[in-house]
Amino acid sequence: MDCEKFIEEQIADIKQTVGDSKAINALSGGVDSSLVTVLGHRAIGEKLRTVFIDSALMREGEAQGVVKTFADMDIPVESVDAQEEFLSALSGLTDPEEKRQAVTDTFYSKVFSRLVRESGAKFLLHGTILTDIEETVAGIKRQHNILTQLGINTEEAYGYSVLEPLKTLRKDDVREVCKSLDLPVEISQRIPFPGPALATRIVGEVTHERLDTVRRATSIVEEELADSGAFQYMAVLLNDRATGIRNNKREFGQIIVVRCIESTDARTATATELPWDKLNLICRRITTEIEDVNRCLYDLTPKPPATIEYI
Ligand code: XMP
């Protein structure tokens with residue numbers, strides 16, 4: 001693809017559409033929303049307010065890391081604490097689609113529409129890519145960031161229009177555009193991380209404690225697999241328990257699944273053939289460093305029939 005042309009066209013389009021109005025965008029730190037943030041700031045500068053919504057569902061140190069990466073590029077990002085709103089919306093929910101819906105509703109109807117109202121923004125810049133649209137329209141999954149393609153009139157529902165500058169790109173195109181903009185590798189090479197964040201990696205109820213468990217397992221997996229070259233890697237907390245022995249005592253502990261996959265565009269995937277030593281090390285760290293976890297499994301399932309995330 002012609003990255004230069006794409007960048008020029010999108011910047012011109014955002015500039016023209018937003019005009020003298022204000023725009024807002026939510027940055028998760030993922031490659032898609034990061035690219036939108038950079039294009040938006042190049043197009044309209046201070047007329048774009050970029051927020052990082054701290055939903056309680058993010059990884060260790062994520063809010064601080066994202067704010068710093070962008071501060072280093074002179075792009076101000078505001079971190080907004082919405083932890084309690086997300087946790088109370090998810091409380092008691094176990095059905096995957098209900099959990100996704102709760103995250104979407106809290107994000108758009110509550111937190112984000114409040115921010116839009118406060119800031120007087122008429123436009124929302126959104127990091128939707130082509131694969132998100134295709135999978136949602138095909139009914140494979142209700143992607144968190146799809147609204148207009150599902151017939152939701154955002155102006156009526158939420159009071160703003162949505163701009164989607166990346167909607168013709170796939171993930172590999174997005175990374176290519178990031179590289180041609182010379183964005184730091186923390187952005188261009190960042191592994192995919194879903195909008196509903198760690199909620200997609202908890203089977204069953206999302207609680208503060210369960211988030212803490214999956215967050216700690218995620219840190220271990222990401223640290224150990226950072227140089228694996230895999231497309232994506234993660235930890236998942238199951239909703240089951242299993243018997244184990246610790247300090248000569250029986251315990252009924254929690255189960256973490258490690259998933260590491262090869263893929264080019266996330267539409268299909270296969271499990272990475274990780275070295276046995278590495279798998280053993282991850283297993284040992286997870287079951288000793290995280291209290292109450294006494295089993296660690298490696299998921300071999302390709303997509304399809306599995307998906308990459310667990311909800
Ligand atoms: P699945 O689980 O559908 O994931 O095989 C395919 C890719 O998409 C990511 N993913 C999401 N990304 N919002 C996103 O921005 C979402 O709701 C969402 N759900 C899944 C997932 O991490 C994988 O890379």
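Among the numbered conditions (1) part of a helix (DSSP H, G or I); (2) buried (at least 21 other Cβ atoms within 10 Å of the Cβ), the only one that Gly127 does not meet is (1). Is it true that Phe70 is at pLDDT below 95, under 28 Å from Arg175 (Cα atoms) and buried (at least 18 other Cβ atoms within 10 Å of the Cβ)? The answer is no for Phe70. Going residue by residue through region 36-59, is there one that turns out to be free of Cβ contacts under 8 Å to residues at least 60 places away in the same chain, closer than 26 Å to Thr213 by Cβ and assigned to a helix (DSSP H, G or I)? For region 36-59, residues free of Cβ contacts under 8 Å to residues at least 60 places away in the same chain, closer than 26 Å to Thr213 by Cβ and assigned to a helix (DSSP H, G or I): absent. Any residue that is among the hydrophobic types (A, V, I, L, M, F, W, C), modelled with pLDDT of 80 or more and within 15 Å of Val31 (Cβ to Cβ) - is there at least one of those in region 150-168? Scanning region 150-168 turns up at least one residue that is among the hydrophobic types (A, V, I, L, M, F, W, C), modelled with pLDDT of 80 or more and within 15 Å of Val31 (Cβ to Cβ).
Within the option set Pro165, Pro194, Pro184, being within 13 Å of the ligand (Cβ to nearest atom) and surrounded by 14 or more Cβ atoms within 10 Å (Cβ to Cβ) holds for one residue only, Pro194.
The values are calculated or read from the model by the stated rules, or taken from the named source; none is laboratory data. Just so it is clear, the structure is predicted and the values come from calculations on it, not from any experiment. Backbone-built Cβ (ideal geometry, glycine too); neighbour counts: all protein chains shown.
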